[in-house]
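A short write-up of the structure that comes next.
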Amino acid sequence: MTFFAYLRDHFACIVILGVALVFDALMLSALGIASTVIIVSVVVVLFALFIALGINWIRKRTFYRDLTAVVNNFDKSYLIAEVVEEPTFAEGRIMHEALRVAGKAMNDRIASYRQQSEDYRDFIELWIHEVKTPLSAAHVIAANTPSESTEAMDAEINRIENYVEQALFYARSTALEQDYVIRPLCLNDVVHQAVKRNSRALIAAGIALQLEGLDTTVYSDTKWLVFIIGQILANCAKYAKPSGGIVRISAGRDSERLDAFYTVLSIQDTGIGIPAADVPRVFDKGFTGANGRHHAKSTGIGLYLCRELCQQMGLALSLTSKEGQGTCINISFPEETMHFRSKSEHD
C-alpha cells in the first residue's frame with residue numbers, strides 16, 4: 001500500500017478537515033485576527049495532520065506488506081494468522097482475529113476430512129482382506145470340481161482378485177510410507193512373481209514370454225513393484241491381438257548424464273498398440289481411451305496407479321506405443337539412490 005493510495009483511502013476525511021480549516025480561517029478573519037496568525041495556525045494543523053497520517057500509514061503498511069507477502073508466497077493460506085504478527089492498530093487486530101478464527105475453522109475441517117479419509121481407507125483395507133477369504137475358498141472349490149464351467153468361473157474370480165488388489169493399492173497409495181520397505185531385490189524374482197500371478201490371463205491370451213538380462217539388483221519394495229509389473233502384464237494380456245503375441249521383458253543399464261546411471265526394466269508387447277492421440281493421456285486417472293472402450297472393459301486405474309506408485313518410490317515410468325505394432329513400458333531405477341541406500345545399510 002503506497003502513501004498516495006493511503007491518502008486516497010482517507011480522501012473524505014481530508015476534504016472534510018480542509019473545509020473545516022477554511023471555515024475556521026474565515027471565522028478568525030471575521031474576528032479581526034491577523035492573517036499571519038491564521039496562516040501559521042492552518043499550516044501547523046495541516047503539518048500535524050500529515051505527520052499523524054504518515055505515522056498511521058507506516059504502522060499499517062508494515063502489516064499489509066507482510067500480509068501480502070505471505071498470501072503470495074505461502075501455499076497454506078489458511079495459516080496466515082499464525083505467520084503474520086498481530087498489528088497494533090484496531091482494524092488490523094480485528095482482521096487478524098478474523099483470519100485466526102477462519103484459519104482455525106479451516107484447520108478443524110481439514111482435520112475432520114483427513115480423519116474421515118483415514119477411516120474410509122481403513123474400512124476399505126479391512127473389507128478387502130475380508131473378501132479375500134471367500135475368493136480363496138472359491139478357488140479351492142473350483143480346483144476340487146474341475147470342469148469347463150468351474151475353470152471359467154475360476155478365471156472370473158482371478159479378474160475379481162485383480163480389481164480387489166487395485167482397490168487395495170489405490171487405498172494405500174495416499175499413505176505409501178506406512179507400507180513401503182526399501183531393500184535390494186533381484187528383478188528376475190520380482191518379474192517371475194508378477195508373471196505367476198498373471199499366468200492364467202497371459203496363457204488365455206496366447207502370449208509367449210521372452211525374459212532377458214533380469215539378473216540385476218535394484219532397490220525398491222518387492223510388493224509394490226510386483227503389483228506395478230502385474231498391472232502392466234495384465235494390460236499386455238487384455239490388449240493382445242487375437243492371434244496372441246510376444247511379451248519381451250528385459251533389463252539394461254542406461255545413463256542420463258556422465259555421472260548418473262540407472263537400470264531400466266522394459267516390458268514390450270506385440271499387441272494392438274495405442275492410438276497416437278491417446279498416448280499422452282494413458283497415465284491419467286480414469287482415462288480408458290479408444291482401446292478401453294472398444295477392445296476390453298477398462299477402469300482407467302491400472303496405469304494411473306503404476307505412475308503414482310513409481311513417483312512416490314522415486315522411479316521413472318514412461319510409455320511408447322504404435323497402433324497395430326505394440327507398446328513398450330520402461331521403469332527406471334536410479335543407481336544414485338541405490339548406491340546411497342546401499343551405503344546407508346552397510347553403515
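The values are calculated or read from the model by the stated rules, or taken from the named source; none is laboratory data. Note that the structure is predicted; figures quoted are calculated from it, not measured. Please note: Cβ atoms are built from the backbone with ideal geometry, for glycine as well, and neighbour counts cover all protein chains shown. All accessible areas refer to the heavy atoms of the entire protein, side chains included, with ligands and DNA or RNA removed. Shrake-Rupley method; radii C 1.70, N 1.55, O 1.52, S 1.80 Å.
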Report ³J(HN,Hα) in whole Hz for each residue of the stretch 163-172, in order, from the Karplus equation J = 6.51 cos²θ - 1.76 cosθ + 1.60 where θ = phi - 60°; Gly and Pro get x.
-> 5, 5, 5, 4, 4, 5, 5, 5, 5, 7
Which ³J(HN,Hα) values in Hz, rounded to whole numbers, follow from the phi angles of the stretch 133-143 under the Karplus curve 6.51 cos²θ - 1.76 cosθ + 1.60, where θ = phi - 60° and Gly and Pro get x?
-> 5, x, 5, 5, 5, 5, 4, 5, 4, 5, 5
Farthest toward positive dipole pole in the stretch 184-334 [+1 Lys/Arg, -1 Asp/Glu at C-beta], among L185, G300, Q325 = G300
Return the long-range amide H neighbours of T216 (sequence gap of 5 or more, or a different chain), with a cut-off of under 5 Å between placed amide H atoms.
-> L187, N188
Step through the residues of the stretch 211-217 one at a time and calculate ³J(HN,Hα) from phi using the Karplus curve (6.51 cos²θ - 1.76 cosθ + 1.60, θ = phi - 60°), rounding each to whole Hz and writing x for Gly and Pro.
-> 10, 9, x, 8, 7, 10, 9
Of every hundred units of 1.4 Å-probe accessible area on the chain, the number belonging to carbon and sulfur atoms, as a percent, is 59 percent
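What does the accessible area per residue of the chain come to in Å², with a 1.4 Å probe and no ligands, DNA or RNA counted?
Working: 20860 Å² over 347 residues.
On a per-residue basis, 60 Å².
With 21 Å as the cut-off, how large is the P(r) tail for the stretch 121-190, expressed as percent of Cα-Cα pairs? Don't skip to the end; give the middle numbers.
Working: 1105 of 2415 pairs.
It works out to 46 percent of all Cα pairs.
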Listed by chain and number, the lysines with an alpha carbon less than 28 angstrom from that of K60, same-chain partners under 8 positions apart left out, are K76, K104
Rg [Å, one decimal], Dmax [Å, integer] - the chain, C-alpha atoms = 34.8, 123
Count of lysine pairs in the stretch 184-334 with Cα atoms under 17 Å apart, counting only pairs 8 or more residues apart in sequence or on different chains?
-> 7
Which values of log₁₀ I(q)/I(0), to two decimal places, follow from the Debye formula for the stretch 184-334 at q = 0.18, 0.19 Å⁻¹ with a uniform point scatterer at every Cα?
-> -1.09, -1.21
Mean-position separation - Cα centroids, the stretch 224-240 and the stretch 181-214, in angstrom | 9 Å
If each of S117 and V71 carries a label point 7 Å out from its Cα toward its Cβ, how far apart are those two points in nm?
-> 2.6 nm
Calculate, for C328 and M106, the FRET efficiency according to 1/(1 + (r/R0)^6) with r their C-beta to C-beta distance and R0 56 Å; round to the nearest 0.05.
-> 0.75
Calculated [θ] (222 nm, deg cm²/dmol) that DSSP helices of n ≥ 4 give over the chain, each run adding -39,500 (n - 2.57) | -20500 deg cm²/dmol
Most mobile of S243, S173, S41 per a Gaussian network model of the chain (Cα springs, under 10 Å)?
-> S41
